[in-house]
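Participant: Sharing a structure with you now.
Just so it is clear, none of the values below were taken in a lab; they were calculated from the coordinates. What you see is a predicted model, and the numbers here were worked out from it, not measured in a lab. In this analysis, Cβ positions are derived from the backbone assuming ideal geometry, glycine residues included, and neighbour counts consider all displayed protein chains.
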Amino acid sequence: MIKANDPNIRSWIKVAKNSDFPIQNIPFGIFSKGRIKARPATIIGDTVIDLKALADLGFFDSVDFNKKVFNEPTLNEFLKLGKSTWRAIRERLSDLFNKKNKELQDDENAKDKVLHAADEIEMLMPVRVRDYTDFYSSKEHATNVGTMFRDPENALLPNWLHIPIGYHGRASSIVVSGTPLHRPKGQTRPNPEEPPVFGPCRLLDFELEMGFITGQGKPLGENIPLEEADDYIFGLVLFNDWSARDIQKWEYVPLGPFLGKSFGSSISPWIVTLDALEPFRMRPTKREVPILPYLDGKANRRINVNLEVQIQPEDQEAHTVSRSNLKYMYWTIEQQLAHHTINGCNINAGDMMASGTISGTKPDSYGSMLELSWKGTKPLSMPDGSERKFLKDGDTVILKGYAEKDGVRIGFGEVTGKVLPAL
Ligand code: CA
């Protein structure tokens with residue numbers, strides 16, 4: 001049992017009933033406020049907690065680690081500390097903000113230095129992402145896409161049930177929630193009888209995903225076995241893998257996605273630790289064919305996280321277009337990491353591994369407009385009477401997620417991104 005996960009703990013910081021950030025969460029992110037430049041923080045309720053200020057005041061003296069990691073503009077150095085230190089720091093925070101603990105609670109002067117209202121700070125990229133891998137691990141999504149683009153009779157390619165399929169994505173264009181993105185331009189071939197054309201993407205889409213962020217892996221050449229995978233996974237974020245379907249369709253054979261994906265991916269700013277998600281782990285779905293031993297084992301567990309996608313047209317209310325769940329993944333995060341490293345590929349602190357679009361079995365649980373509108377053949381109705389086959393300029397896409405059990409809600413906040421017109 002991880003002590004900080006005890007559902008009975010209450011904080012002396014006020015937490016609203018449906019808050020994503022009770023004291024059992026303690027996620028990690030990077031904030032700035034006025035003269036405070038980017039540095040690490042956590043959040044309880046609506047109160048952002050400056051970890052450098054806490055360290056400077058000696059509140060981490062009981063935990064053995066280099067306090068300079070809290071003076072960094074990203075969490076990469078913190079992530080290099082490894083699982084046992086991440087856990088000890090989270091336990092210390094749980095203890096310090098426990099109602100029963102008076103150390104900081106009664107020190108108004110120190111509280112002034114440490115605590116900030118969430119609406120008075122800015123959240124920044126939590127890590128400098130050096131490498132980004134995008135998996136394709138929802139069977140429903142892979143089946144839907146295979147049905148639409150290839151052959152309904154053979155929707156899944158022969159390798160899909162044996163390999164956690166993935167490709168190397170673009171790290172430089174991963175942005176934090178709230179960053180708007182211009183509609184990409186590129187080469188498409190709308191008429192297969194005609195030569196390709198150039199212009200703004202017409203089939204702009206979101207992909208509902210979650211991403212996990214790693215600690216420092218093993219040296220090049222060594223692999224991370226399945227049963228050790230959780231030791232190298234720090235936590236998860238919401239991940240919108242924006243996609244230009246028309247660019248993607250024309251370019252993706254034979255080597256896979258390229259410019260149809262690399263113009264942007266958006267993440268939620270708070271990394272929710274794998275430790276905090278421990279109570280929500282589940283057995284994997286049944287394997288449909290035997291898998292190779294390096295991918296098989298008890299270490300494989302899914303995570304039960306409720307997910308929601310909203311589209312907010314310009315000057316209008318947000319409208320929910322999909323509800324899904326991270327548990328619909330066929331391949332687990334442990335399988336993804338074990339597979340990623342089995343050839344000796346090394347991973348670094350701050351690498352990002354995204355799940356792939358998370359689609360459920362029902363049409364209202366699909367994780368992309370491509371599937372929700374079934375390639376544009378079934379437009380969605382919006383509350384203002386307009387229709388959506390794909391995204392329009394001015395639309396803001398909002399992904400939300402939370403896990404809930406025993407009266408504890410561990411939330412991810414949200415990731416938002418607005419579509420601006422093509423430049
Ligand atoms: Ca994707």
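Participant: Where does each of 187-195, 57-65 land if you order them by average Cβ count within 10 Å, highest first?
Facilitator: By packing density, highest mean first, the sequence is 57-65, 187-195.
Participant: Report the gain in length on full extension from R323 to I342: 0.36 nm times residue separation, minus Cα-Cα distance, nm rounded to one decimal.
Facilitator: Additional length available on full extension: 3.5 nm.
Participant: Let me ask something else about it. What FRET efficiency comes out for the pair F198/R130, r = Cβ-Cβ distance, R0 = 25 Å, nearest 0.05?
Facilitator: It comes out at approximately 0.20.
Participant: Any chance you could give the angle, 0 to 90 degrees and rounded to 10, that helix 139-149 forms with the longest Cα principal axis of the chain?
Facilitator: Rounded to the nearest ten degrees, it is 30.
Participant: Per q in 0.07, 0.16 1/Å, what log10 I(q)/I(0) does a Debye calculation on the alpha-carbon atoms of segment 132-420 return?
Facilitator: The Debye formula, applied to the Cα set alone, gives -0.24, -1.35.
Participant: Follow-up. Given H placed on each backbone N at 1.01 Å, which residues far from H319 in sequence or on other chains put an amide H within less than 5 Å of it?
Facilitator: Under 5 Å from the amide H of H319 lie the amide H atoms of I311, Q312, each far enough along the sequence or on another chain.
Participant: For segment 410-423, what does the Karplus curve 6.51 cos²θ - 1.76 cosθ + 1.60, with θ = phi - 60°, yield as ³J(HN,Hα) per residue in whole Hz, taken in order and with x for Gly and Pro?
Facilitator: Karplus values, whole Hz, x for Gly and Pro: 9, x, 10, x, 8, 10, 10, x, 9, 8, 9, x, 4, 6.
Participant: Residues in segment 2-27, backbone N under 14 Å from the label point at N101 (7 Å along the Cα-to-beta-carbon vector): list them, ranges by number please.
Facilitator: The answer is 3-6, 9-13, 23-27, whose backbone nitrogens lie closer than 14 Å to the label point.
Participant: How would you rank V15, V129, V397, going from fewest to most other Cβ atoms within 10 Å of each one's own Cβ?
Facilitator: V15, V129, V397
Participant: Where nothing but the Cβ of Lys and Arg (+1) and of Asp and Glu (-1) is charged, how large is the charge dipole of the chain around its Cα centre, in debye to the nearest 20?
Facilitator: Its charge dipole is roughly 260 debye.
Participant: So what is Rg over Rh here for segment 275-360, counting just Cα atoms and using Kirkwood for Rh?
Facilitator: 1.07
Participant: Would you calculate the separation in nanometres between label points at K14 and D231, each defined as 7 Å from the Cα along the Cα-to-beta-carbon direction?
Facilitator: The modelled label-to-label distance comes out at 4.4 nm.
Participant: Using alpha-carbon positions, what is the distance between the centroids of segment 114-142 and segment 4-75, in Å?
Facilitator: 17 Å
Participant: Ok, one more. What distance in nm lies between label points placed 7 Å from Cα along the C-beta direction at N71 and R87?
Facilitator: 2.9 nm
Participant: Specify which residue in the list H339, H168, V145 is farthest towards the positive end of the charge dipole of the chain, using unit charges on the beta carbon of Lys, Arg (+1) and Asp, Glu (-1), about the Cα centre.
Facilitator: With unit charges placed on the Cβ atoms, the residue in question is H339.
Participant: Sort M210, M382 by Cβ crowding within 10 Å, fewest neighbours at the top.
Facilitator: The order, fewest Cβ neighbours first, is M382, M210.
Participant: With 10 angstrom as the radius, rank L51, L124 by how many other C-beta atoms surround their C-beta, starting from the fewest.
Facilitator: L124, L51
Participant: Still on this model: What shape does segment 178-325 have by the C-alpha gyration tensor, where a ≥ b ≥ c are the square roots of the eigenvalues, rounded means a/c under 1.5, and otherwise prolate means a/b greater than b/c and oblate the rest?
Facilitator: prolate
Participant: Rounded, prolate or oblate, given the Cα gyration tensor of segment 3-124, with a/c below 1.5 counting as rounded?
Facilitator: Judged from the Cα gyration tensor, segment 3-124 comes out rounded (a/c under 1.5).
Participant: For M282 and D119, compute 0.36 nm times the residue count separating them, minus their Cα-Cα distance, and round to one decimal in nm.
Facilitator: In short, 55.2 nm is gained.
Participant: Mind ordering 239-248, 211-220 by average Cβ neighbours within 10 Å, highest first?
Facilitator: 239-248, 211-220
Participant: Quick check for you: which residues of segment 198-224 have the amide N under 13 Å from the point 7 Å beyond the Cα of K185 toward its beta carbon?
Facilitator: 198-201
Participant: Can you check what the net charge comes to around L380, using other residues whose Cβ is under 14 Å from the Cβ of L380 (Lys, Arg +1; Asp, Glu -1)?
Facilitator: Net charge around L380: 0.
Participant: Measure of size requested: the Rg and Dmax of segment 75-127, with Cα atoms as the atom set and Å as the unit; please supply both.
Facilitator: Rg then Dmax for segment 75-127, in Å: 13.8, 33.
Participant: Helix 83-96: angle to the longest alpha-carbon principal axis of the chain, degrees 0 to 90, nearest 10?
Facilitator: Between helix and principal axis, roughly 60 degrees.
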